[in-house]
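Visitor: Here it is, the structure, as structure tokens.
The values are calculated or read from the model by the stated rules, or taken from the named source; none is laboratory data. Predicted model, so just to flag it, every value in this text is computed and none were measured. Positions of Cβ are generated from backbone atoms using ideal geometry, with glycine treated the same way; all protein chains shown enter the neighbour counts.
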Amino acid sequence: MKTCLMLPLLAALSFGISLTASARVVTDDAGNQVKVPQEAKRIADGWYAHHSLLMTLGAGDRIVATVNHASDRPWMFKIQPSLNQALSVHGRSFNSEALLAQKVDTVFVAAEDGDAAAYRRAGLPTLVMRFDDFPSMKRSLLTTAEVVGTDRARQRASDYNAYLDQKIAAIAAKTATLSDSQRPRVLHIESLHPLKVDGRNTLIDTWIKLAGGRNAAAEVDGNMKETSPENVLYWQPDIIIIGAGAGTLASSDYATLFSSLKAVKTHQVWQNPAGVFPWDRYGTEAALQIQWAAKKLHPELFPTLNMVQTTQDFYQRFFNYSLTRDDAERILQAKGPQ
């Protein structure tokens, strides 16, 4: 009996939670110990991508202050319509007094956000969230679930992490043995104006490799790094993936210059899907991104993978939203809702 009673306590302590009668202390992704309420019921979320984590946990309706906008994230606001009533700011800085007026009880910010100290001075529990690979994203989701403070959120975090692990394992089982010559050189362009690419030590690099490709910009270190068109010509990618919202290569200033690229000549230039958040970047839809990328890079290895159905199933399971077939197809084509 003693062993059984110790298990929940040990699980809680693994998340840095100090269990007391009146409060809990959670360790955020930056190592800060933050006293949080028993449940985070009114949340200000200052990290664009983190909204998808809260929605995955079934806590999207608790966001009462947001940095996202329906014009930029139409699917996010369609699937979580309560965001239309949330306090909205341009940029990532909330006014502390406005948050207090909204009765915010918890604030999430991105790692590079300089406003955390101001929120804390106003007495607002503020957690710094950061992840740049799948293990850290899974950990961040579990931490967020603990802050939300419900058994439902904890279960959904566990379910999502199990789903992600299963998909990673299934894809790796088919791509891990591919030789370099079998792995196409993939260039991920985040922005065309200015020209920015994603290099090594990024989640983007991780899913390119997992899906059976090689990052054509591997000499670049980090996310969204400006580069020259001459570098792209030098890299000669086999495949180019353009981030959602970046426009098209054909209508860019580089249309003529890049016409000599192998990827352009063979019509291997794709727009990355985007739903609640761009799939290629830092949100829970990364679990869909790895499947989409694997199917696109190596369709012969994944003949039964139907991305329309997979997308519908994912949104129903993790966002409690029933996509139509047309909805799913529009998301896969990086188009907004009709």
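Visitor: Look at ASP198 and say whether it is in contact with a helix residue (DSSP H, G or I) (Cβ under 9 Å, 6 or more places away or on another chain), crowded, with 20+ Cβ neighbours inside 10 Å and not hydrophobic (A, V, I, L, M, F, W, C).
Guide: Yes, satisfied.
Visitor: Run down ARG42, ARG130, ARG120 and say which single residue is among the basic types (Lys, Arg) and under 16 Å from GLY283 (Cβ atoms).
Guide: After ruling out the rest, the residue left standing is ARG130.
Visitor: Next question. Which number in (1) at pLDDT 95 or above; (2) part of a loop (DSSP other than H, G, I, E, B) marks the one condition that ASP205 misses?
Guide: For ASP205, the exception is condition (2).
Visitor: LYS335: of a type in the set (Lys, Arg) and outside any loop (DSSP other than H, G, I, E, B), yes or no?
Guide: Answer is no for this residue.
Visitor: How many residues does region 248-299 hold that are assigned to a helix (DSSP H, G or I) and within 26 Å of the chain's Cα centre (by Cα)?
Guide: Summing the residues that are assigned to a helix (DSSP H, G or I) and within 26 Å of the chain's Cα centre (by Cα) in region 248-299 gives 13.
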